[in-house]
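*Asks:* After the structure tokens below, expect a handful of questions from me.
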Amino acid sequence: MAEGKEIYGDLELPHSSGDFPYVVINMVSSVDGGTSVSGKASGIGGRVDRESMRTLRSKVDAVMIGAGTLRAERLSLGLDDPALTQPLAIVLGGQGELPIEEHLITTNQKVLAVLPDGAVEQVERSAEVLYAPRNPETPGGGPGGIASVDLQWVLKHLRADYSVERLLVEGGPSLNRQLVSQNLVDELFLTVAPVLVAAGSPSILSPDPGFTRRDLMLKSAHTADDHLFLRYHMRATA
Ligand SMILES: NC(=O)c1ccc[n+]([C@@H]2O[C@H](COP(=O)([O-])OP(=O)(O)OC[C@H]3O[C@@H](n4cnc5c(N)ncnc54)[C@H](OP(=O)(O)O)[C@@H]3O)[C@@H](O)[C@H]2O)c1
């Protein structure tokens, strides 16, 4: 049976083509599709999931999350070995607090907070701030009141100005759903953990009645310690 770090050890993600980085999402879900318990994701996956997550991070230039994921619990977006080159940690915020120093565990890792133009939120000094234009389709606030930045603009700037060729997105469901809706995601890595949670939490994509179905292509499936590790390519939309 494979160890978590072996599962994607040989993985080579493509470089970006065109203006955008190559974008992959990685999430862990329970068998009944829950992504958090009591508001936290950390209880769902086991050691092998944690290891495979670190391995995926070692294959990219940057790891991005939404503010909701940062607020939920203390977490790392880096590699355990501080001697290794750390991916850029990116937190995308709209209008709420960003507890970077309290919740983001970093060692030798640069942190970038992405906020909408005109945001008044104070970002702690440990992070650089990139102000981004608002989404032209939701200038006054997106679904759920999000003061939504233009994700296409953000991805282009990460590629052009921060040399992000490969970007790993680790949620949460709200950010994932926007990226998928806008056809900005190339691959989805999903760990199915051997647990039922009946938590009523969103699936890997937050609900959206306007969402258009997307078809996936299974690229690989591994098992380790009763977890299922699935890798999908997004099929081109018609
Ligand atoms: N199972 C897993 O693998 C996994 C992974 C990650 C998270 N989670 C769980 O998911 C839950 C959080 O879900 P969530 O959907 O709220 O998380 P999220 O997508 O990380 O955060 C949503 C927030 O991010 C900001 N945001 C998202 N899109 C934006 C945009 N286009 N422009 C500007 N800001 C944007 C907004 O912040 P503002 O509020 O500041 O406007 C928004 O409220 C937590 O319980 C967490 O534990 C699970």
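No value in this document is a laboratory result; all are computed from the given coordinates. Just so it is clear, the structure is predicted and the values come from calculations on it, not from any experiment. With ideal geometry, Cβ positions are generated from the backbone for all residues, glycine too; neighbour counts draw on all protein chains shown.
*Asks:* Which residues, taken from the range 5-27, are assigned to a strand (DSSP E or B) and out of contact with any Pro (no Cβ under 7 Å at 6 or more places or on another chain)?
*Replies:* 23, 24, 25, 26, 27
*Asks:* Follow-up. Could you give me the residue pairs with C-beta distances under 7 Å whose first residue belongs to the range 75-86 and is within 11 Å of residue 109 (Cα to Cα), whose second residue is among the hydrophobic types (A, V, I, L, M, F, W, C) and assigned to a loop (DSSP other than H, G, I, E, B) wherever it lies, and which are 6+ apart or on separate chains?
*Replies:* 86/79
*Asks:* OK, next. Residues in the range 38-55: is at least one out of contact with any Lys or Arg (no Cβ under 7 Å at 6 or more places or on another chain), farther than 17 Å from residue 229 by Cβ and charged (D, E, K, R)?
*Replies:* yes
*Asks:* Oh, and also: Could you list, in sequence order, all residues of the range 85-101 that are out of contact with any Ser or Thr (no Cβ under 7 Å at 6 or more places or on another chain) and aliphatic (A, V, I, L, M)?
*Replies:* First, the residues of the range 85-101 that are out of contact with any Ser or Thr (no Cβ under 7 Å at 6 or more places or on another chain): 85-88, 90-93, 95-99.
Within the range 85-101, 88, 90, 91, 92, 98 qualify.
*Asks:* From the list 54, 47, which one is basic (Lys, Arg) and either within 14 Å of the chain's Cα centre (by Cα) or on the phi > 0 side of the Ramachandran plot (or both)?
*Replies:* Values: 47 fails: either within 14 Å of the chain's Cα centre (by Cα) or on the phi > 0 side of the Ramachandran plot (or both).
Only one candidate qualifies: 54.
*Asks:* Let me ask you something else. Which condition number in (1) over 27 Å from residue 96 (Cα atoms); (2) of a type outside the set (Gly, Ala, Ser); (3) part of a helix (DSSP H, G or I) is the one that residue 71 fails?
*Replies:* With (1) over 27 Å from residue 96 (Cα atoms); (2) of a type outside the set (Gly, Ala, Ser); (3) part of a helix (DSSP H, G or I) applied to residue 71, the lone miss is (1).
*Asks:* Further, regarding this structure: If you go through the range 197-215 one residue at a time, how many are over 19 Å from residue 42 (Cβ atoms), exposed (fewer than 14 other Cβ atoms within 10 Å of the Cβ) and touching a strand residue (DSSP E or B) at 6+ places or on another chain (Cβ under 9 Å)?
*Replies:* Final tally of qualifying residues: 1.
*Asks:* Let me ask another. Hey, could you check the range 194-224 for residues that are among the charged types (D, E, K, R) and assigned to a loop (DSSP other than H, G, I, E, B) and say which is farthest from the ligand (Cβ to nearest atom)?
*Replies:* The first filter runs over the range 194-224 and keeps only residues among the charged types (D, E, K, R), leaving 208, 213-215, 219.
Subset that is assigned to a loop (DSSP other than H, G, I, E, B): 208, 213-215.
On the way: 208: 11, 213: 20, 214: 18, 215: 22 Å.
The extreme case among them is 215.
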